[in-house]
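In what follows, a structure is listed as structure tokens, so that the remarks can point back to it.
Please treat every number below as a calculation from the coordinates, not as lab data. These figures come from a predicted structure and were not determined experimentally. Heads up, the Cβs are rebuilt from the backbone with ideal geometry, glycines too, and the neighbour counts pull from every protein chain shown.
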Amino acid sequence: MDTLTLILITFMGFVVIAGLGFVFVGGDSSSGASAKRVQSVAGARDDKPRARTAADVAGVRRKQITQSLKAAEKQERKVKLTLESRLRQAGVGASVRSFWIASGALAFVVFLIVALLRMPPLAALLAGFVAGLGLPRWVLGFMAKRRTKKFTEEFPNAIDIIVRGIKTGLPVNDCLKIIGQESSEPLGYEFRQLVEQTSMGVSFDQSLDKMYERMPTAEVRFFSIVLAIQQKTGGNLAEALGNLSTVLRARKLMVEKIKAMSGEAVASAFIIGCLPPGVMTLVYITAPSYMSMMFFDPRGHLLLLGGGIWMGTGIFVMNRMINFKF
């Protein structure tokens, strides 16, 4: 019994020691594995909110960009080419009332001149109507187009000034002041107006909208969209404006290329449009009696009216064929 008891006690001791060793040694490995598993699961659970947060940020940014584009489209639709806006685009300081007074005076003077030349009263009225209503508007449109062209040519340089100023640490408002002081007209004037309106408490978005009303060009609209998106979503403004400057310069090169390719069509349309009136004028100068029936006979008046209608239709069609909107 003593030997058997000793064997049992020895076996039980061995079992106890082996169990303790398994607990202390094997338990550490299992706990380490379980800890790693818990960390991996926790990490996977933590990664999902991060991915969801990044997706949410991208969605919010996309939504803000869409809203900015829609606001720009609405602003573009609101801009109407009224007479007052055309006067501002042309840089004319006169009011609408002064413009109509000058147009009426011009119409009266032309009517008197044509009447003194012993032309028919209908021709005098028509000449006065064209001179009073058409000629001033044509001159105003020509001045507005020339001023807009000067502004568009210098606008990429203004954006480059803003990009360099931002990279050197200057605020955007100081960059705008530099453009207003150093740039030529009409670019300097428009940016001075922008800075003055901002200094008077008008929000930057509203100041840009008013600038677009004074100068409704695609370049100003792109500039407004980029600044609006940057204010709402953040990002590198210098990089965004640098890309915009590159796009505007490429667009300018494309416009010049299209004008060069369409130059032949423009010259042909100009020659075809000027040929009939020119021939009629030469015939009237060389043989007045031959053309006098067109001006003093009622049938000649009808022929002139029909010819004018057909010539106007032809000029309109040719203008639509050679006019490219950029």
With 0.36 nm assigned to each residue of separation and the Cα-Cα distance removed, residue 321 to residue 98 gains 76.7 nm
If the chain between residue 249 and residue 193 were fully extended at 0.36 nm per residue, the gain over the current Cα-Cα distance would be 17.7 nm
Once both label points are put 7 Å beyond Cα along the C-beta direction, the residue 265-residue 109 separation in nm becomes 3.9
In whole Hz, the Karplus estimates of ³J(HN,Hα) for region 220-237 (6.51, -1.76, 1.60; θ = phi - 60°; x where Gly or Pro) are 5, 5, 4, 4, 5, 5, 4, 5, 5, 5, 5, 5, 8, 10, x, x, 7, 5
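Full-extension gain between residue 200 and residue 160, please, as 0.36 nm times their residue separation minus the C-alpha to C-alpha distance. Don't skip to the end; give the middle numbers.
On the way: separation 40, 0.36 × 40 = 14.40 nm, distance 2.59 nm.
Fully extending the segment from residue 200 to residue 160 adds 11.8 nm.
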Going fewest to most other Cβ atoms within 10 Å around each Cβ, 100, 310 line up as 310, 100
Relative contact order of region 262-326 (C-alpha contacts under 8 Å, at least 6 apart) in percent is 40
Calc'd 3J(HN,Hα), region 107-121, phi into Karplus 6.51 cos²θ - 1.76 cosθ + 1.60 (θ = phi - 60°), Hz, glycine/Pro = x, comes to 4, 5, 5, 5, 4, 5, 4, 5, 5, 5, 7, 6, 8, x, x
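Give the order of 261, 311 when sorted by the count of other beta carbons within 10 angstrom, beginning with the fewest.
Values: 261 10, 311 14.
With the sparsest Cβ surroundings first, the list reads 261, 311.
Between residue 303 and residue 150, what FRET efficiency follows from the Cβ-Cβ distance if R0 is 51 Å, with the result rounded to 0.05? If you can, show how the numbers build up before the last one.
Values: r = 44 Å, r/R0 = 0.86.
It comes to 0.70.
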Here region 129-140 yields Karplus 3J(HN,Hα) values (6.51, -1.76, 1.60; θ = phi - 60°; whole Hz; Gly and Pro given as x) of 5, 5, 5, x, 9, x, 4, x, 5, 5, 4, 5
Ranked from fewest to most other Cβ atoms within 10 Å of their own Cβ, 185, 264, 219 fall in the order 264, 185, 219
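Between residue 129 and residue 168, what is the FRET efficiency for a Förster distance of 51 Å, r being their Cβ-Cβ separation, to the nearest 0.05? Provide the component values of the computation, followed by the final result.
Numbers: r = 58 Å, r/R0 = 1.14.
Plugging the Cβ-Cβ distance into 1/(1 + (r/R0)^6) gives 0.30.
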